[in-house]
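The values are calculated or read from the model by the stated rules, or taken from the named source; none is laboratory data. Since the structure is predicted, the reported quantities are computational estimates derived from the model, not experimental observations. Here the Cβ positions follow ideal geometry from the backbone for every residue, glycine too, while neighbour counts run over all protein chains shown. Accessible surface is based on the protein model in full, side chains and every heavy atom, while ligands, DNA and RNA are left aside. Shrake-Rupley method; radii C 1.70, N 1.55, O 1.52, S 1.80 Å.
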Amino acid sequence: MNTRREFLQKISGSAFGLTVLPTIASASCANLPGEVNEGRVLNVAILGLGGYATRVAAAMVNCKRAKLTGLISGTPEKIKAWQAKYNIPDKNCYNYENYDAIKNNPDIDAVYVITPNALHKEEVIRVAAAGKHAISEKPMTISVKDGEEMIEACKKANVKLLVGYRMHFEPHTLEIIRMRNAGEFGKITFFQGLSGFVIGDTKQWRLNPKLSGGGSMMDIGIYSVNGSRYMVGEDPIWVNAVETKNDPVKFVQGIDETIQFQMGFPSGAVASCLSTYSMNWLDRFFLDGLNGFAELHPATGYDPTTGLTHKGPLNLPNTIHQAVQMDEMAAIIFDGKKPIVPVDGEEALKDLKVIEGIYKSAQSGKTVNLQL
Ligand code: NDP
């Protein structure tokens, strides 16, 4: 993107020139990701001060419309250290027993839940009951049923439920979506998503099914599931999957090590993806059309995203994903902004439906039909 005007011309060309595909919302009222209007600042408390929360808090220092104003943690020493670092007053700090009291705290508009996957549901429901907007990390939760309950609870409380899909605001990703909507790749035929890394520390919650709700698929494979949907621009209608487990000691029952899965889309496009905790260098998306292709590599990691299409390299700026995400979420919550790719609970529920289909297929050996 060279200028805002050029980018907007491209975006509007896609939004108005072609039928917008089901997973992609209209960009008509959008300002650009990262180019957030002046407006009310979203005051955010982070719940769970672990590894990813540390990255989010550091990124938020760069936000224009989001500010870290509160802390919720089970570890008092972390609260102390974070208070000093981010200048958070005692009155905005809570533990897991007393955080329902945020209800009466005007310094907090939203709570960003960044704990192990299986805890998101209860925490989001408590946040909603306190009348605050909820932002959950991915996966939103560990089952479709739980996801539906979270959506319902937030609706009932009249608060927003958003999920930390930071790539939905990433410039290379959005440019490929724009090119696809403008017909530059022709009919989309195929997507390949590779998502994986070698997981270390065997004591971590990611390898405990009670806290993770699954293995590589819940943690990293979800990027290929979600990515297939925003790259192809459709929701899959079937999935089949095969699981390989080479180390059943490290990867206990309920923790998938490697899953290969295929999906089919209404247009006839197909996808072939891999999710693993046992291979390195797997962070790549490839989209194939009859007239062109697009590649993202890395596609979802923290390193600078690189993009290539049949027209050559995409020379776009790299952003601090979490800072742009939080600014955009402020605009979604306060201005009703519609992102190009949604980040709400309904969007996250679709990924959970696909993941449940993948697990079901891997167990049964049969293709599973999906209704997203
Ligand atoms: P960490 O283990 O680093 O941190 C999790 C934190 O949750 C802990 O530090 C702790 O904070 C709190 N917690 C509460 N209860 C428990 C418990 N029973 N066991 C362990 N921790 C607990 O995990 P991550 O930060 O890596 O992951 C957290 C979430 O963020 C996950 O859902 C993950 O999928 C997601 N994530 C998303 C990423 C993205 O790029 N979008 C990247 C990495 C993770 P405290 O001590 O303050 O209570």
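Using only the alpha-carbon atoms of region 235-293, report the extent along each of the three principal axes, biggest first, to the nearest angstrom.
Sorted from largest, the Cα extents of region 235-293 read 46, 26, 14 Å.
Let me test this: with uniform point scatterers at the alpha carbons of region 217-372, what is the Debye-based log₁₀ I(q)/I(0) at q = 0.08, 0.14 1/Å?
-0.27, -0.81
List the aspartates and glutamates whose alpha-carbon lies under 12 Å from that of residue 337, not counting same-chain residues fewer than 8 positions away?
Cα-Cα hits under 12 Å: 327, 328.
Loop-only trypsin sites (Lys or Arg not before Pro) in region 306-372, please: DSSP not H, G, I, E or B, and at most 13 other Cβ atoms within 10 Å.
Answer in residue order: 311, 366.
I want to verify a result. In a Gaussian network model of the chain, Cα cutoff 10 Å, which of these has the top mean-square fluctuation: 342, 209, 106?
Ranking 342, 209, 106 by mean-square fluctuation puts 106 first.
Pull out the extension gain between residue 267 and residue 253, defined as 0.36 nm times the separation in residues minus the alpha carbon to alpha carbon distance; nm, one decimal.
Gain on extension, residue 267 to residue 253, equals 1.4 nm.
Just the number please: accessible area per residue for the chain, 1.4 Å probe, all protein chains included, in Å².
Per-residue accessible area for the chain comes out at 42 Å².
Calculate for the chain the 222 nm mean residue ellipticity that helices alone would give, adding -39,500 (n - 2.57) per DSSP H run of length 4 or more and normalising by residue count, nearest 500 deg cm²/dmol.
Rounded to the nearest 500, the figure is -10000 deg cm²/dmol.
Residue 85: which lysines have alpha carbons under 17 Å from its alpha carbon, excluding same-chain residues fewer than 8 sequence positions away?
67
For region 305-372, take the alpha-carbon Rg, divide it by the Kirkwood Rh, and send me Rg/Rh.
1.14
Could you tell me what percent of the accessible area of the chain is made up of carbon and sulfur, with a 1.4 Å probe and every protein chain present? The partial results should precede the final answer.
Numbers: 8300 of 15630 Å².
For the chain, the apolar C and S fraction of the accessible surface comes to 53 percent.
In nm, what is the difference between 0.36 nm times the number of residues separating residue 203 and residue 77 and their Cα-Cα distance?
Full extension of this stretch gives 43.2 nm more.
Averaged over all directions, how much area does the convex hull of the C-alpha atoms of the chain cover when projected, in nm²?
Averaged projected area of the chain's Cα convex hull equals 17.5 nm².
Return the subset of 145/210; 187/311; 91/156; 210/250 for which the Cα-Cα distance in this structure is over 22 Å, preserving the input order.
Checking Cα-Cα distances, 91/156 exceed 22 Å.
Assuming R0 = 30 Å, can you tell me the calculated FRET efficiency for the pair residue 346 and residue 367, based on Cβ-Cβ distance, to the nearest 0.05?
Step by step, r from the Cβ atoms, then E = 0.75.
Would you please state which residues of region 100-120 a label at residue 129 would reach in this model, taking the label point 7 Å out along Cα→Cβ and a backbone N cut-off of under 16 Å?
Answer for region 100-120: 100-104, 119-120.
Only bridges with both residues in the chain count here: give the DSSP antiparallel percent, nearest 5.
Bridges in the chain that DSSP calls antiparallel: roughly 55 percent.
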